[in-house]
Structures are given as structure tokens and as C-alpha cells.
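The structure appears right after this line, and notes come after that.
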Amino acid sequence: MDGTYDVIIIGAGPAGLTAGLYTSRSKLSTLIIEKETLGGELVNRDLIENYPGYPDGILGPELSGNMLNQAMNYGTEFQLGEVEQIKIDGNRKVVQTSSGEYSGKAIIIAGGAHNKKLAVPGEQEFADKGVFYCATCDGPHFADKVVAVAGGGDSGITEGIFLTRLVSKVIIIEMLPQCTATKILQDRAFSNPKIEVKCGSKIEAIIGDEQVKALDLLNIQTGERSTLEVDGILVHIGIEPNTDYLSGTVPLDSKGYVLVNEKMETEIPGVFAAGDIRLNSAWQIATAVGDGATAALSLVKYLGSLPG
Ligand SMILES: Cc1cc2nc3c(=O)[nH]c(=O)nc-3n(C[C@H](O)[C@H](O)[C@H](O)COP(=O)(O)OP(=O)(O)OC[C@H]3O[C@@H](n4cnc5c(N)ncnc54)[C@H](O)[C@@H]3O)c2cc1C
């Protein structure tokens, strides 16, 4: 056993760092375990324009650095390592990681989620140069431009409809012969004059120079290839929570999101979840921060209720 803490937090993104700040300020010994980069998704973001308190926006690494320093200032400890398993032994929770084993009286799971990638040439090259994954975050950069949305499921169509408020035209591209979004969403999309839907088209490559300029498409039925000129592409073919290691231990929904109530409590006493990893998250920094604070406050109450 490498260490025993009051609280163990999995993931050093905005949710985990906020939770750590709150539990440390409550004088609970707190360890955050992070498998990649302290700061979570924020570290890879350029300018964040929708996090309150920064009228001119703030760079992702600066915001995450501030959150990290604030948690550290109150005594939060950090350990790099990937959590591979958690074991619940009554009031004792054991966390097994690639760098050792830790135990705590309570756990906050704040491991976030990841966007499924298209995995085509150009996707990585043009990331933040026209390829984007979050309509709310990056849509405003495409005012009056033509944007493709990869994905005709519920999330792709919802995001496409949202984008029509900002851009001049949205082209939804779905590989299957038909969109898979619920009928009501499809009706809304089809009746929106700014939306064109292309089903049965596979995106084979994203092309451009400094910025995205076009997509190479393959018509699945006819085998015909074509080039579609666009200024950007929102990839929304699904988001997956980082919960593989939790299945069988913590209640998850059918897509793998952690089930919590409004206090961020799971069904297991002393196990909480916060941020993008939990069911019905809004996938925003501000909401992840709110979840982290809520989970921590619920946890403080939970530990206070334990006998002696
Ligand atoms: C391209 C893009 C742009 C975005 N832009 C914005 C924006 O402008 N504004 C906005 O509000 N939101 C934006 N978001 C969303 C925002 O980044 C997330 O909502 C937010 O980071 C979620 O915080 P979190 O703490 O829940 O998860 P994350 O930030 O994902 O942090 C989770 C952390 O947990 C770690 N982890 C996962 N599994 C394990 C494990 N087994 N062991 C140890 N560590 C683990 C991960 O490595 C990660 O560091 C954007 C997202 C993307 C993808």
C-alpha cells in the first residue's frame, strides 16, 4: 500500500481540481491521481471564451495552471498513474494504479470523456485549424461560414441545429444510408433552410492549407468520389466516457456514463462522480467545475456522517 488518504480523486481536469480544492480546504487529506496531464482537457485548449470571469478569454493551460496551483496551495497532493481498478471494502476504497495502490475513505471519479475521432487523414493536422469537436466552444469562430458536421446521430444533428445560429450553412454528413437521430430532430434539421443533409457519404480525408478548405467524400452506394468545399468541420460521431475500468464496480448507464444523483452521489456510499464522465453532463468547463464542488461538498457531508 503506497498511501492512505481521506479522499482520492481520479482525474486532474477541472472537475477533479475543483473537488480537490474543496476537500483540501475542508482539511481532508486529498490525493488526485492523473494518468496523462495535470489539467485534463484544458491543457490542450487554446483560448477559452466561455469560462466566466475572463472577459477576454483565457488560454487553457493558464486556466488549468491556476486551478492546479490553487488546489496545491491548500494541500492537494498529486500522483501520476493510470487508475486500473477500484475496490470497495465498506468504508475503505482501494484504488489500484499503474504506479501503486492507494486507499481512501471516499472517492470522486472525475476521469472525463473523449470524443470519438474520425481517424482520417487531415483530422490531426487541422485540429484547431478548422477541425473541431465542441460546437458551443468553437462554433463562434465560424460566423457566416460553411461548416460540415460529421455525424447524423442525435448529438451531430443537435449540434448542427445549434450551429445554424452562428454559421451561414451547415452540411451534415452521415456515412449510413439514413441519419440515426430521433425523428423529431431529423424533422427539425430537414426543415431548417440552413441545413443540408448528405447521407451515405463517407469522409475520406480533410484537406486544406493553413485552414480546412474541403473534404474528400466517397458515396458509399455508387462508389463515386467528390470534393466538398467547407470552412470547418465539427466531428460529432460520439463521446465516450473514460470508464472502462469501472464496469462491474460502479453503476454505469448503457453508454458507460457514471450514474449519479443531483448531489453527484453514486449508489455506492462514499463514491461520487463529477464532470464529463457523469450521465447528463453538459460537457463544459463551467459545469465540470460546478460538479466538482458539488461532489466535494457531498463527500464532506458523507465523511462527517460516518461513526468516529
Ligand atoms: C476540442 C475541445 C474543445 C473544448 N473547448 C471548450 C471550451 O471552450 N469551453 C468549455 O467550457 N469547454 C470546452 N470543452 C469541454 C471541456 O474541456 C470539458 O467539459 C472539461 O474539460 C471536462 O472536465 P473534466 O474534469 O470532467 O474532464 P477532463 O478535463 O477530461 O479531465 C479528466 C482527466 O482525467 C484523467 N483520467 C481519465 N481516466 C483516468 C484514469 N483511469 N486514471 C487516471 N486519470 C484518468 C484524464 O487524463 C484527464 O486529465 C472542450 C472540449 C474539447 C474536446
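The values are calculated or read from the model by the stated rules, or taken from the named source; none is laboratory data. Since we're looking at a predicted model, the values are computed, not measured. When we count neighbours, we look across all protein chains shown, and the Cβ atoms used for this are built from the backbone with ideal geometry, even at glycine.
Check whether at least one residue in segment 282-304 is farther than 21 Å from residue 21 by Cβ, more than 8 Å from the ligand (Cβ to nearest atom) and under 18 Å from the mean Cα position of the chain (by Cα), and report yes or no.
no
Filter segment 251-281 for residues that are within 16 Å of the ligand (Cβ to nearest atom), basic (Lys, Arg) and surrounded by fewer than 24 Cβ atoms within 10 Å (Cβ to Cβ) and give the result.
255
Kindly evaluate residue 196 against the criterion of being away from the ligand (no atom under 12 Å from the Cβ) and either touching a strand residue (DSSP E or B) at 6+ places or on another chain (Cβ under 7 Å) or modelled with pLDDT under 95 (or both).
Answer is yes for this residue.
Which count do you get for residues in segment 108-127 that are more than 22 Å from residue 282 (Cβ to Cβ) and in contact (Cβ under 8 Å) with a residue 12 or more places away in the chain?
7
Which residue out of 248, 223, 238 is modelled with pLDDT under 95 and surrounded by fewer than 12 Cβ atoms within 10 Å (Cβ to Cβ)?
248 is the lone residue from the list that is modelled with pLDDT under 95 and surrounded by fewer than 12 Cβ atoms within 10 Å (Cβ to Cβ).
All but one of (1) out of contact with any Pro (no Cβ under 8 Å at 6 or more places or on another chain); (2) within 22 Å of residue 136 (Cβ to Cβ); (3) buried (at least 18 other Cβ atoms within 10 Å of the Cβ) hold for residue 188, so report the exception by its number.
Of everything listed in (1) out of contact with any Pro (no Cβ under 8 Å at 6 or more places or on another chain); (2) within 22 Å of residue 136 (Cβ to Cβ); (3) buried (at least 18 other Cβ atoms within 10 Å of the Cβ), residue 188 misses just condition (3).
Please pick out the residue among 38, 47, 17, 42 that is buried (at least 23 other Cβ atoms within 10 Å of the Cβ), near the ligand (Cβ under 9 Å from one of its atoms) and more than 23 Å from residue 250 (Cβ to Cβ).
Going through 38, 47, 17, 42 in turn, the sole match is 42.
Among the residues of segment 80-139, write down those that are among the acidic types (Asp, Glu), at pLDDT 95 or above and within 13 Å of the ligand (Cβ to nearest atom).
Scanning segment 80-139 gives 82, 84, 123.
Please go through segment 208-230 and pick out each residue that is more than 13 Å from residue 118 (Cα to Cα), within 26 Å of the chain's Cα centre (by Cα) and among the hydrophobic types (A, V, I, L, M, F, W, C).
Of everything in segment 208-230, those that are more than 13 Å from residue 118 (Cα to Cα), within 26 Å of the chain's Cα centre (by Cα) and among the hydrophobic types (A, V, I, L, M, F, W, C) turn out to be 212, 230.
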